[in-house]
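Trainee: I am attaching a structure below and will ask some questions about it afterwards.
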Amino acid sequence: MRKINFSAGPAALPENVLKQVQSEFLDWQGQGASILEVPHRGDAAVALLKEARDDLRTLLEIPTDFHLLFVHGGGRGQFASIPLNLLGKNSKASYLLTGHWSKAAAEEAKLYGDISIAANLNEAETPWCIPEKSTWSVPRDASYLYYCENETLTGVEFQAAPDVSIPVVADMTSSILSKPIDWSRHALIHAGMQKNIGPTGLSVVILHKDYLSQAMPITPSIFHYKNQVAHSSGYNTLPMFNVYVAGLVFKALIKQGGIKAVQAINKRKAEKLYAAIDGSGFYKNNVDKSCRSTMNVTFHLPTEKLEKQFLRDASEQGLINLAGHRTVGGVRASIYNAMPESAVDGLIEFMEAFIYRATHACHPVT
Ligand SMILES: *Cc1c(COP(=O)(O)O)cnc(C)c1O
């Protein structure tokens, strides 16, 4: 039986998508072969890739002067690809550190260039808050400013893209397709696909055409944006299964009414969950209201012992993968696009019942 899966990634996929994959797994589109077995340069695969691309362009309203790539290496692959491709002659870039993933991206970029820190969220101080723009220090000669739109571990999310005079690069791994993207403020966005899109391993990279000519000569061909653009993402064998599942997810989102409709549902899901936390006097979220994530809702219970009990009980009731990241602890409910609103309602009911058991029962959990 399928459970309600709050995993941060690889995350739950829409059940209808999985059923369709299952139903045509042995014989995909009358090819007499599985999608895993068809030639990646055959007509059917090429058409599939084009359709997935077109649908993603429609969903995110990607302007025509941006290229759209599917590339290997997931999120971290881009932590290296971005500096290799974009640092340019002066090798300078600036990173906004708001949590685990932006820090990891900056560490990787330091292998290739002169990386300065524009601002640094201090996790020792709560509530966690994205540093005020007036405190940022962004060198004017940096090739780009990098930020992570949604820090998946802590649940800290930018509500608007940074507005600065140098090109902006964003990691949208855990927030892509949850809301519209302001293209006027971005030079490049990237997203590992296993959070809100499909199977793990690939990244979506969407970059403005002006940023194809500054790659370092040592850039591996497989990570070279200009090379990948020239080969329409097919410089080597692209895993078509991943593109196929992503394509089904794109179709499902279009059917749901597009990104604005999905955003409204996401907003409702997150608001009711935060309201349940804030109103409980029991659960506690550490993120300032101005930058709470719509996708990853994190919270703590009064004691670690209660947290363990909470996670055990939840799992017994079919609510799985709610443990916070090992470096943060606590509870994390990842409620990406594929998480139905009814499942969030179920979690809230469970949370309310747990408080009752922990505080009123003859043998309270302490
Ligand atoms: C999960 C995640 C990554 C890492 O993705 P991998 O594909 O495992 O390298 C990077 N950034 C963010 C924001 C993430 O949530």
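The values are calculated or read from the model by the stated rules, or taken from the named source; none is laboratory data. Not measured: the values here are computed from a predicted model. Reconstructed Cβ throughout: ideal geometry from the backbone, glycine too, with neighbour counts over all protein chains shown. To get the accessible areas, we keep the full protein, side chains included, count just its heavy atoms, and leave off ligands, DNA and RNA. Shrake-Rupley method; radii C 1.70, N 1.55, O 1.52, S 1.80 Å.
Trainee: I'm trying to understand the selection: among the residues of region 37-53, which are farther than 19 Å from His190 by Cβ and open to solvent by less than 60 Å² (accessible area, probe 1.4 Å)?
Mentor: If the condition is that a residue be farther than 19 Å from His190 by Cβ and open to solvent by less than 60 Å² (accessible area, probe 1.4 Å), then Val38, His40, Gly42, Ala44, Ala45, Ala47, Leu48 are the ones that fit.
Trainee: Same structure again: Among all residue pairs at least 6 apart or on different chains, which show Cβ distances below 8 Å where the first residue, located in region 164-175, is free of Cβ contacts under 8 Å to residues at least 40 places away in the same chain and the second is within 10 Å of the ligand (Cβ to nearest atom) and part of a strand (DSSP E or B)?
Mentor: Ala170/Cys148; Ala170/His190; Met172/Asn150; Met172/His190; Met172/Ala191
Trainee: Hey, Trp183 hits all of (1) open to solvent by 30 Å² or more (accessible area, probe 1.4 Å); (2) closer than 16 Å to Arg57 by Cα but one; which does it fall short on?
Mentor: Of everything listed in (1) open to solvent by 30 Å² or more (accessible area, probe 1.4 Å); (2) closer than 16 Å to Arg57 by Cα, Trp183 misses just condition (1).
Trainee: Kindly indicate the residue of region 102-120 that is charged (D, E, K, R) and either in a strand (DSSP E or B) or out of contact with any strand residue (DSSP E or B) (no Cβ under 6 Å at 6 or more places or on another chain) (or both) and also nearest to the ligand (Cβ to nearest atom) among those meeting that condition.
Mentor: Glu108
Here is a yes/no grid of residues against (1) within 23 Å of the chain's Cα centre (by Cα); (2) closer than 30 Å to Gly324 by Cβ; (3) within 16 Å of the ligand (Cβ to nearest atom):
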| site | (1), (2), (3) |
| --- | --- |
| Leu13 | yes, yes, yes |
| Val17 | yes, yes, no |
| Glu24 | no, no, no |
| Ala33 | no, no, no |
| Glu61 | yes, no, no |
| Leu69 | yes, no, yes |
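Trainee: Same structure again: Let me confirm something: among Gly329, Gly346, which residue is among the small types (Gly, Ala, Ser), at positive phi and open to solvent by 20 Å² or more (accessible area, probe 1.4 Å)?
Mentor: Answer to the selection: Gly329.
Trainee: Return yes or no: is Ala161 more than 22 Å from Pro239 (Cα to Cα), in a strand (DSSP E or B), within 16 Å of the ligand (Cβ to nearest atom) and in contact with a His (Cβ under 7 Å, 6 or more places away or on another chain)?
Mentor: No, not satisfied.
Trainee: Could you identify the single residue in Lys289, Lys269, Lys255, Lys284 that is over 30 Å from Leu306 (Cβ atoms) and either surrounded by fewer than 18 Cβ atoms within 10 Å (Cβ to Cβ) or out of contact with any Lys or Arg (no Cβ under 6 Å at 6 or more places or on another chain) (or both)?
Mentor: Being over 30 Å from Leu306 (Cβ atoms) and either surrounded by fewer than 18 Cβ atoms within 10 Å (Cβ to Cβ) or out of contact with any Lys or Arg (no Cβ under 6 Å at 6 or more places or on another chain) (or both) holds for just one of Lys289, Lys269, Lys255, Lys284, which is Lys255.
Trainee: Being in contact (Cβ under 8 Å) with a residue 12 or more places away in the chain and within 18 Å of Gly234 (Cβ to Cβ) is the filter here; which residues of region 28-45 pass it?
Mentor: The answer is Ile35, Leu36, Val38, His40, Arg41, Ala44, Ala45.
Trainee: Within region 92-137, can you find the residues that are open to solvent by less than 60 Å² (accessible area, probe 1.4 Å) and more than 22 Å from Ala80 (Cβ to Cβ)?
Mentor: Listed by number, the residues that qualify are Ala119, Leu121, Trp128, Cys129, Ile130, Pro131, Trp136.
Trainee: Right, another one. It is to be established whether one or more residues within region 9-27 are open to solvent by 20 Å² or more (accessible area, probe 1.4 Å), closer than 30 Å to Ser221 by Cβ and either in contact with a Ser or Thr (Cβ under 6 Å, 6 or more places away or on another chain) or touching a residue at least 40 places away in the same chain (Cβ under 8 Å) (or both).
Mentor: Among the residues of region 9-27, at least one is open to solvent by 20 Å² or more (accessible area, probe 1.4 Å), closer than 30 Å to Ser221 by Cβ and either in contact with a Ser or Thr (Cβ under 6 Å, 6 or more places away or on another chain) or touching a residue at least 40 places away in the same chain (Cβ under 8 Å) (or both), which makes the answer yes.
Trainee: Which of the residues that make up region 58-91 are closer than 21 Å to Asn150 by Cα, open to solvent by 50 Å² or more (accessible area, probe 1.4 Å) and part of a helix (DSSP H, G or I)?
Mentor: Arg76, the sole residue that qualifies.
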